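Notes to accompany the following structure.
The values are calculated or read from the model by the stated rules, or taken from the named source; none is laboratory data. Fair warning: this is a prediction, and the values are worked out from it, not measured in the lab. Note that each Cβ is placed from the backbone with ideal geometry, even for glycine, and that neighbours are counted across all protein chains shown.
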């Protein structure tokens, strides 16, 4: 039998639990990436070179090294310096750091697209840097870059199978273990592929919905 539905029903609960781990890693990693990416973008556009240069070096270093090496470094090398992380924590941190570099470039493009007059008006109104960013700049810079951030959310979601390299019990690692135990890879791998497809489509739909709502708010 090419596809055993009884076996599918048997493995589905375990795959569902692994799917929760995958979703948690994706969401936590993206929250970290989106937050740290914004901070890095703001640091990179500051006129103070001693602040902008280290942020630029960090972004370029992260973008220029493979995610898998970063995962290994956090999980296997950090303990040498007295920092021991669980496999899940190391994986989420690696995903967040890696994609924060890409998100920072998206944010930077949005921030640099703000007309110079907006900055000058904030200075004329004697607004602090914090209130300038919070109330004037960021509300204008974020909506146009939401589609690009959404693309990175989907990409990050599809990178979670790399966490299997440090034995995080996400979907791909669980499916591989099932296949090695039963020598039936068709069912678990097919289910994993369908899950990733479904979640990618759902994520893309949510991003389009958020973009639509932000555009409507911007026209008011």
Of the residues that sit in the range 71-92 and are farther than 11 Å from residue 163 by Cα and outside any loop (DSSP other than H, G, I, E, B), which one is nearest to the chain's Cα centre (by Cα)? 74
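Can we say residue 114 is part of a loop (DSSP other than H, G, I, E, B), surrounded by 13 or more Cβ atoms within 10 Å (Cβ to Cβ) and touching a residue at least 24 places away in the same chain (Cβ under 8 Å)? Let's see the steps before the verdict.
Working: part of a loop (DSSP other than H, G, I, E, B): yes; surrounded by 13 or more Cβ atoms within 10 Å (Cβ to Cβ): yes; touching a residue at least 24 places away in the same chain (Cβ under 8 Å): yes.
Yes.
Residues being without any contact (Cβ under 8 Å) to a residue 24 or more places away in the chain and either loosely packed, with under 15 Cβ neighbours inside 10 Å or touching a helix residue (DSSP H, G or I) at 6+ places or on another chain (Cβ under 7 Å) (or both): count how many of those fall in the range 177-187.
Of all residues in the range 177-187, those without any contact (Cβ under 8 Å) to a residue 24 or more places away in the chain come to 177, 179-181, 183, 185.
Narrowing the set further to residues that are either loosely packed, with under 15 Cβ neighbours inside 10 Å or touching a helix residue (DSSP H, G or I) at 6+ places or on another chain (Cβ under 7 Å) (or both) leaves 179-181, 183, 185.
Qualifying residue count, the range 177-187: 5.
Each row is one residue, and each column tells you yes or no for (1) within 29 Å of residue 194 (Cα to Cα); (2) modelled with pLDDT under 95.
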{"site": "82", "(1), (2)": "no, yes"}
{"site": "93", "(1), (2)": "yes, no"}
{"site": "130", "(1), (2)": "no, yes"}
{"site": "150", "(1), (2)": "yes, yes"}
{"site": "163", "(1), (2)": "yes, yes"}
Out of all the residues in the range 15-22, is one or more more than 20 Å from the chain's Cα centre (by Cα), touching a residue at least 60 places away in the same chain (Cβ under 8 Å) and surrounded by 16 or more Cβ atoms within 10 Å (Cβ to Cβ)? yes
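Okay, residues lined up against (1) modelled with pLDDT of 95 or more; (2) closer than 24 Å to residue 110 by Cβ; (3) loosely packed, with under 13 Cβ neighbours inside 10 Å; (4) touching a helix residue (DSSP H, G or I) at 6+ places or on another chain (Cβ under 8 Å):
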{"site": "28", "(1), (2), (3), (4)": "yes, yes, no, yes"}
{"site": "33", "(1), (2), (3), (4)": "yes, yes, no, yes"}
{"site": "36", "(1), (2), (3), (4)": "yes, yes, no, yes"}
{"site": "41", "(1), (2), (3), (4)": "no, yes, no, yes"}
{"site": "50", "(1), (2), (3), (4)": "no, no, yes, no"}
{"site": "55", "(1), (2), (3), (4)": "no, yes, no, yes"}
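Do the conditions hold for residue 150, that is, is it under 21 Å from the mean Cα position of the chain (by Cα), without any contact (Cβ under 8 Å) to a residue 12 or more places away in the chain and more than 22 Å from residue 88 (Cβ to Cβ)? Show your work before the answer.
Details: under 21 Å from the mean Cα position of the chain (by Cα): yes; without any contact (Cβ under 8 Å) to a residue 12 or more places away in the chain: no; more than 22 Å from residue 88 (Cβ to Cβ): yes.
For residue 150, the condition - under 21 Å from the mean Cα position of the chain (by Cα), without any contact (Cβ under 8 Å) to a residue 12 or more places away in the chain and more than 22 Å from residue 88 (Cβ to Cβ) - is not met.
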Give the range 161-171 a look and list any residue that's assigned to a helix (DSSP H, G or I) and in contact (Cβ under 8 Å) with a residue 60 or more places away in the chain, or say none. 162, 163, 165, 166, 171
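Matching residues to (1) within 22 Å of the chain's Cα centre (by Cα); (2) part of a helix (DSSP H, G or I); (3) modelled with pLDDT under 85:
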position	(1), (2), (3)
109	yes, yes, no
127	no, no, yes
159	yes, yes, no
177	no, yes, no
190	no, yes, no
194	yes, yes, no
207	yes, yes, no
210	yes, yes, yes
214	yes, yes, yes
